[in-house]
Amino acid sequence: YKNPYYASGHSAMVHLFEWKWDDIADECERFLGPKGFGGVQISPPNENLVIWGKNRPWWERYQPMSYKLVTRSGNEQQFADMVRRCNNAGVRIYPDAIINHMTGNDPENVGTGGSTGDFHNWQYPGVPYGRNDFNWPHCVIGGNDYACCADRVRNCELAGLKDLNQGTEYVRDQIVNYMNRLIDLGVAGFRIDAAKHMWPGDLSVIYSRLHNLNTAHGFPSGSRPYIYQEVIDLGGEAVRREEYTSLAAVTEFKFGLELSNAFKGNNQLKWLSTWGPAWGLLPHEDALTFIDNHDNQRGHGAGGNILTYKQAKQYKAAIAFMLAHPYGEPQLMSSFDFWDTEAGPPMDHHGNIISPSINSDNTCGNGWICEHRWRPIYQMVGFRNAAGNTGVNDWWDNGSNQIAFCRGGNAFVAFNGDSWALNESLQTCLPAGTYCDVISGEKSHHSCTGKAVTVGHDGRAHISISPGDFDMVLAIYVGSESRL
Ligand code: AAO
């Protein structure tokens, strides 16, 4: 469950938060596949409660009404079409699986697929679920429970959301059937929402009953789904992430916190020479890594103190470090613009999601940020693919916030987080030649639109990044030569 089964030569996953299936299919073909992205995390594909009372907030999708594949993102046929087209483009699909709970006690009770419910009586006829399928006696997780009481974290309701009992065979069957339908349609794995709130033993049974990935979609026979479980563990809680790593991968929330801290200037970049488990992070193969996610970019979940698209220069540098470094399985966030932390995606007055528009410089419009289309970000996916499974070598730092390292003999990156210029002759480990920095520009007609770096026969090159530069990063790799 720890192999994402990316197509060869592809890496890194992007969360296309609240995107429509048709738009994701287009994006796989026109951008993600050609740029070498490995996969897409999609918003929950199953029917959710429609919440007009809060003007269709983004979080209505975390309140399931049934396992019918009908949401604002599209219907079952559009879902199937997206998975097929993305797999053909070499891009895998990972749905967000909401299997811990159903809805809260909202006064509205109709879902995106037309299912209704009677929440005060735990009735969800669209599945169907009834009172016996939920944990009993009824209780709600309190803020103090996280520190003391693992049983309450798992048996009581998260934020008042009706808490399914995954210990019963009937509930397991409904969940397994739902996930297997998605696997048969060609998905490569799942994010397990709120995994902390489910018993590892129950999850283990559910995972063991999942089908192998569909060979008709290009997966090797016998492939198990890639599973990454959402467990927020910054330390000091009754439930620990290690309880889940024997089952599958886990979201590593310390990763984004530490890198945000460093790239905001609160911890010197030179310390990143030991980046990885030495920082208290999970073992490499257990960690799904990211800077921000859809919760903490807006103060939900592990909240606050995280770099997001709103601090673009530092954010791009933190993302570049994540993609340049071999540790972890990186995931990128692709957001819609927001100020109101509860607001849903760009939508018309019927509540239909408005598609992103695509500008000539690759960026998006119509209220979509599309961080994954920012040049320094997508170019670093290319860097990661060129680096392959090499390690970090030839680490250099100035004793402060200027750092640089190589990935084998294929790729070189430098960062300047100091308030003075980086101007050094450094070992790049690359064959002699002239390379285009993929951060300040790109290769175009045998020349560079940004900085050009000339590597000598000893592998050394003059590297300069001044504090006034648009980005604090410089990156070159075998493949970014100005002439080939
Ligand atoms: C909505 C309304 C609620 C209403 C509810 C039911 O907002 O007012 O009661 O409906 O009617 C999302 C939204 C929720 C929304 C929900 C359903 O975020 O606001 O509720 O949809 O529509 C915990 C869970 C974690 C969860 C996170 C939000 O452990 O699994 O809360 N994330 C996922 C999704 C998320 C989604 C759900 C789960 C539900 O990613 O989008 O909710 O499907 C501590 C614990 C964490 C805990 C947080 C927040 O964190 O460790 O496990 O996350 O508290 O309660 C420091 C600490 C850090 C701590 C944090 C906050 O940073 O270091 O550990 O402070 O105290």
Between Rg and the Kirkwood Rh of the chain, both from Cα atoms, what is the Rg to Rh ratio?
0.98
To the nearest 10 degrees, how steeply does helix 76-88 sit against the main Cα axis of the chain, on a 0 to 90 scale?
30
Which residues' amide hydrogens lie under 5 Å from the amide hydrogen of L332, considering only partners 5 or more residues apart or on another chain, with H built in the peptide plane?
M13, V14, H15
Plugging the Kirkwood radius over Cα pairs into Stokes-Einstein for region 326-484, at a temperature of 4 °C and a viscosity of 1.567 mPa s, what D comes out in µm²/s?
75
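What whole-number value in Å² describes the accessible area per residue of the chain for a 1.4 Å probe?
Here the per-residue accessible area is 36 Å².
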Zone of N261 (label point 7 Å along Cα→Cβ, backbone N under 14 Å): which residues in region 285-320?
305-307
I need the phi-derived Karplus couplings for region 351-356: 6.51 cos²θ - 1.76 cosθ + 1.60, θ = phi - 60°, integer Hz, Gly and Pro marked x.
x, 6, 5, 8, 5, x
What residues qualify as long-range amide H neighbours of V250, i.e. H under 5 Å apart, gap of 5 or more or another chain, H built at 1.01 Å from N?
Q229, A287, L288
In whole Hz, with x marking every Gly and Pro, tabulate ³J(HN,Hα) for region 368-383 from phi via Karplus 6.51 cos²θ - 1.76 cosθ + 1.60, θ = phi - 60°.
9, 7, 6, 3, 5, 9, 6, 3, x, 7, 5, 5, 6, 5, x, 4
Taking every other residue with Cβ under 15 Å from the Cβ of N393 and scoring Lys and Arg +1, Asp and Glu -1, one gets 0
Relative to the longest principal axis of the chain, what angle (0 to 90°, nearest 10) does the C-alpha long axis of helix 169-184 take?
40
Extreme residue, positive dipole direction of region 406-459, given options S444, N423, G433 (C-beta unit charges):
S444
Taking the Cα centre of region 243-365 as origin, sum charge times position over the Cβ atoms of Lys and Arg (+1) and Asp and Glu (-1), and report the length of that vector in debye to the nearest 20.
560
About the Cα centre, and with charges only on the beta carbon of Lys, Arg (+1) and Asp, Glu (-1), how big is the dipole of region 17-134? Nearest 20 debye, please.
220
Ordered by packing density, taken as the mean number of other Cβ atoms within 10 Å over each peptide's residues, highest first, how do 33-44, 131-142, 290-301, 215-226 rank?
33-44, 290-301, 215-226, 131-142
Rg [Å, one decimal], Dmax [Å, integer] - region 1-61, C-alpha atoms:
14.5, 46
Sequence-distant or interchain residues sharing an amide H contact under 5 Å with H101, placed H: which?
L164
Lysines with Cα under 24 Å of K313, excluding same-chain neighbours fewer than 8 positions away
K35, K254, K264, K270, K443, K451
With θ set to phi - 60°, apply the Karplus curve 6.51 cos²θ - 1.76 cosθ + 1.60 along region 148-163 and write out the HN-Hα couplings as whole Hz, x wherever there is a Gly or Pro.
9, 10, 4, 5, 5, 4, 9, 9, 9, 7, 7, 6, x, 8, 3, 9
May I ask which residue of G160, N362, G189 lies farthest towards the positive end of the charge dipole of the chain, with charges of +1 (Lys, Arg) and -1 (Asp, Glu) on Cβ and the Cα centre as origin?
N362
Placing +1 at every Lys and Arg Cβ and -1 at every Asp and Glu Cβ, with all other atoms neutral, what dipole size does the chain have around its Cα centre, in debye to the nearest 20?
720
Rounded to the nearest angstrom and ordered from largest down, what semi-axes does the equivalent ellipsoid of region 112-151 get from its C-alpha gyration tensor (root of 5λ)?
28, 12, 8
For region 27-145, using Cα atoms only, the Rg and Dmax in Å read 16.9, 52
Radius, Kirkwood style, for region 293-344 when every pair of distinct Cα atoms is counted (Å)
12.1
Of every Cα-Cα pair in region 137-216, the percentage lying beyond 16 Å is 56
Trypsin sites (Lys or Arg not before Pro), restricted to region 398-484: which are DSSP loop and have at most 12 other Cβ atoms within 10 Å?
R483
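The values are calculated or read from the model by the stated rules, or taken from the named source; none is laboratory data. Keep in mind it's a predicted model, so treat the numbers as computed, not measured. Backbone-built Cβ (ideal geometry, glycine too); neighbour counts: all protein chains shown. When the accessible area is computed, the model is the full protein with side chains, heavy atoms only, and any ligands, DNA or RNA have been set aside. Shrake-Rupley method; radii C 1.70, N 1.55, O 1.52, S 1.80 Å.
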